[in-house]
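Novice: Encoded as structure tokens, here's the structure I'll be asking about.
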Amino acid sequence: MTKLNEFILKNIKIIEMIGVLMRITSFSIVSWLGPQSPFMFVWIFNTTDAIILSWCSVLKKDHAYSLLNIFWIMVGLVGILRAGGLL
């Protein structure tokens, strides 16, 4: 795990940018397609970017963004369960 954290810290700016672009993409899909959106894909994609951004913010010890992105992980898990018909 230490090597992975070192890799993330070494490349944190690009990894965070990837996470942000993923989030923009997922919300853009929903905005453009509305009810025809592939909701399961969007929720999985959005939850993945929340994991990426949470990891980065935890490593940077940025408590506000850690809380925000961990919240998005929880929202994403609920969204995945709802899109899958489990809730």
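The values are calculated or read from the model by the stated rules, or taken from the named source; none is laboratory data. All figures in this text were calculated on a predicted structure; none of them were measured in a lab. Please note: Cβ atoms are built from the backbone with ideal geometry, for glycine as well, and neighbour counts cover all protein chains shown. Surface accessibility is based on the protein's heavy atoms, side chains included, excluding ligands, DNA and RNA. Shrake-Rupley method; radii C 1.70, N 1.55, O 1.52, S 1.80 Å.
Novice: Using Rg and Dmax of the Cα atoms in Å as the read-out, say which of [x] 25.6, 63; [y] 13.9, 42; [z] 24.6, 78 was calculated from these coordinates.
Specialist: [y]
Novice: Roughly speaking, what is the stretch gain from ILE24 to HIS63, that is 0.36 nm per residue apart minus the C-alpha to C-alpha distance, in nm to one decimal?
Specialist: Length gained, ILE24 through HIS63: 11.8 nm.
Novice: How much accessible area per residue does the chain have, counting only protein heavy atoms and a probe of 1.4 Å, in square angstrom?
Specialist: I get 69 Å² per residue for the chain.
Novice: Carbon and sulfur atoms: what percent of the 1.4 Å accessible area of the chain do they account for?
Specialist: Carbon plus sulfur share of accessible area: 75 percent.
Novice: Grab the beta carbon distance between MET40 and LEU4, set R0 = 30 Å, and tell me the FRET efficiency rounded to 0.05.
Specialist: Efficiency for this residue pair is about 0.65.
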